[in-house]
Each structure stands twice: as structure tokens, then as C-alpha cells.
Amino acid sequence: MAALTRRRGRRRQDRTLIEGRRALQAALDADAPIVEAAVTHDALDDPTVQSLLDRLSGPVFEAGPDTMAQITDVATPQGLVAVAERHLHAPDTVPERLGDTGTALLLDGVQDPGNVGTLLRTAAWFGAQAVVAGPGTAGLYGPKVMRAAAGSHWALDLARTDESGPLLDRLRRHGVALYGADLQGIQARTWRPTPPSALALGSEAHGLSAVVLDRLDATVALRGAPNRPAAESLNVAVAGGILLYEWLGP
């Protein structure tokens, strides 16, 4: 399990860690492919933990505090860790999976794991079908992403691509409308996206990459109040949440 705290280990084993009661419950509720779990003796005294363990079909190991500290990367482990199989689709299958009504969020160089996890959680909340991590984006199954996503991985079609251009070209050939967040775009309140559609979000520091911008049908802006120099930019997870609401909300 300790190897799964490192990106190389997750890729090699094609598995990831689920830490804590809430994350495990969300994964179980979504029928995540859970392989095994480890729990401390103290955590076993919690009836909620025991009820979660009763739902597992794989082995459960009891681990001491020192072992648990090696398995997780948090300062205060909750005493419960599970291993689940990762589920990443090949990026060239995303257009077909969207069909005529699907929606995909493309993360273009979003480096902060907390922001990536929050965007996954928000995308799942508003009903997006897929999230694709483009070049420079934090690993979708890293520990911080897993915690921030709060189980949302299992409600989304996830993919990763090293080349956003070919993916966007393929989406266009399948009739997917391509949008992106950019300050030069139309106001979000006037945005009327047509399905199937994809929305690209770039990094706070650099925005969308040229290879993505050049392929979009339109860009969408969230402009702030004037004369507020202290607010240099809007956090990408906040911006993404607002745009996801405009895009998919009731």
C-alpha cells in the first residue's frame, strides 16, 4: 500500500488509495472496485468503520499506527485506508462515450491537486459525464486529489492525454461543441452551450494553452468587479464551479 502514495507506484499497480470513512463510504456507494483495506485497532472500535468494512468483499488487514503512517501522507491518519483499482479511459474513446448529449471537462495545465479534486467533485455534482486531464495537470488519482474529490472519481468517466490538440480535433469531428474559460470571452450569463459539449479550464497563472485556444468554438468569461487590483485572478476551482453551474445547472 505504501507504494501507492507515489505516482510511480499508482501507475505501476494501476491502483489508488482511499483514505478515511467518508471517502470509503462514497466509493462503496458508487460500487468502486475495492481490492483490500487496512485499519487500526482503535478505528475498529468505531461502529461506522465496522459497518463499512462489512461491505467489503476483499481482505481487511489490521495495521499499527506506525504502519498506517507509512501508508498515508496525512499528518493525522484516520486509521482506515482502502485500495481501489484506478479506472482511466483511453482519451480517444471520450468522444464516442459522450454520444449526442454528453459533457466533458478538460483540465489544461491545472497543477494544484486540491483544485483538481474540487473540480472533479463539482463536475460530478452538476452531472458532467467525463473529465480529461491534459498536459501539466495534476495526477487524477494523487492522494490530495482523492481527498478533495470526496469519492467523485467513481461517478465520472476519467481520462488523461499528453496531447490536447488531437483530442479536441477528434471531439470536433464527433460534433462536440468546444468551449473554454478566458477573460476575453462572452459573459457567462449569456452563454448558451449546445450539447454534446466540452469545456476547457486552464491554469490560474497562464490560462488556456494556445493549442487549446486555437481549437475552441467560443470562450466564456467571468469578469470581476473593476478596480480591485488585489484580486489578481479567480481561483480555477471557483471559476470552474460557476461555469459548471451555468453549463449544467438546473
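For the list (1) out of contact with any strand residue (DSSP E or B) (no Cβ under 7 Å at 6 or more places or on another chain); (2) of a type in the set (Asp, Glu); (3) crowded, with 17+ Cβ neighbours inside 10 Å, I need the number of the one condition that residue 163 fails.
Going through (1) out of contact with any strand residue (DSSP E or B) (no Cβ under 7 Å at 6 or more places or on another chain); (2) of a type in the set (Asp, Glu); (3) crowded, with 17+ Cβ neighbours inside 10 Å one by one, residue 163 breaks only (3).
Would you check if there is a residue in segment 199-218 being farther than 14 Å from residue 134 by Cβ, surrounded by 18 or more Cβ atoms within 10 Å (Cβ to Cβ) and within 18 Å of the chain's Cα centre (by Cα)?
yes
Within segment 196-250, work out how many residues are in contact with a strand residue (DSSP E or B) (Cβ under 7 Å, 6 or more places away or on another chain) and small (Gly, Ala, Ser).
Total meeting the criteria: 10.
When the residues of segment 101-130 are narrowed to those that are among the β-branched types (Val, Ile, Thr) and under 14 Å from residue 239 (Cβ atoms), which ends up surrounded by the most Cβ atoms within 10 Å (Cβ to Cβ)?
116
Select from segment 46-78 the residues that are modelled with pLDDT under 90 and farther than 14 Å from residue 2 by Cα and list them in ascending order.
75, 76, 78, listed by residue number.
Among (1) at pLDDT below 95; (2) farther than 22 Å from residue 30 by Cα; (3) touching a Lys or Arg at 6+ places or on another chain (Cβ under 7 Å), where does residue 168 come up short?
Going through (1) at pLDDT below 95; (2) farther than 22 Å from residue 30 by Cα; (3) touching a Lys or Arg at 6+ places or on another chain (Cβ under 7 Å) one by one, residue 168 breaks only (1).
hydroxyl-bearing (Ser, Thr, Tyr), assigned by TED's automatic domain parsing to the domain that holds residue 31 and under 25 Å from residue 160 (Cβ atoms) - does that describe any residue in segment 52-73?
Taking segment 52-73 first, the residues hydroxyl-bearing (Ser, Thr, Tyr) are 57, 67, 72.
Next cut, assigned by TED's automatic domain parsing to the domain that holds residue 31 only: 57, 67, 72.
Still in the running and under 25 Å from residue 160 (Cβ atoms): 72.
Checked against the condition, which is being hydroxyl-bearing (Ser, Thr, Tyr), assigned by TED's automatic domain parsing to the domain that holds residue 31 and under 25 Å from residue 160 (Cβ atoms), segment 52-73 yields at least one hit.
I want to confirm something. Restricting to segment 52-90 and keeping residues that are among the β-branched types (Val, Ile, Thr) and in contact (Cβ under 8 Å) with a residue 40 or more places away in the chain, which single residue is farthest from residue 9 (Cα to Cα)?
Step one: filter segment 52-90 for residues among the β-branched types (Val, Ile, Thr), giving 60, 67, 71-72, 74, 76, 81, 83.
Narrowing further to those that are in contact (Cβ under 8 Å) with a residue 40 or more places away in the chain: 71-72, 74, 81, 83.
Details: 71: 12, 72: 13, 74: 18, 81: 16, 83: 12 Å.
Ranking the candidates gives 74 first.
Looking only at segment 232-250, count how many residues are at pLDDT 95 or above and among the hydroxyl-bearing types (Ser, Thr, Tyr).
Result for segment 232-250: 1.
Would you pick out the residues in segment 193-230 that are in contact with a Ser or Thr (Cβ under 8 Å, 6 or more places away or on another chain), assigned to a strand (DSSP E or B) and among the hydroxyl-bearing types (Ser, Thr, Tyr)?
197
Within segment 131-157, which residues are buried (at least 22 other Cβ atoms within 10 Å of the Cβ) and part of a strand (DSSP E or B)?
131, 132, 133
To keep it simple, each residue is scored yes or no on (1) touching a strand residue (DSSP E or B) at 6+ places or on another chain (Cβ under 7 Å); (2) on the phi > 0 side of the Ramachandran plot; (3) hydroxyl-bearing (Ser, Thr, Tyr); (4) touching a residue at least 12 places away in the same chain (Cβ under 8 Å).
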| residue | (1), (2), (3), (4) |
| --- | --- |
| 140 | yes, no, no, yes |
| 145 | no, no, no, yes |
| 149 | no, no, no, yes |
| 152 | no, no, yes, yes |
| 159 | yes, no, no, yes |
| 168 | yes, no, no, yes |
| 182 | yes, no, no, yes |
| 187 | yes, no, no, yes |
| 194 | yes, no, yes, yes |
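The values are calculated or read from the model by the stated rules, or taken from the named source; none is laboratory data. Every value quoted in this text rests on a predicted model; they were computed, and no experiment measured them. Note that we place each Cβ from the backbone using ideal geometry, even for glycine, and neighbour counts take in every protein chain shown.
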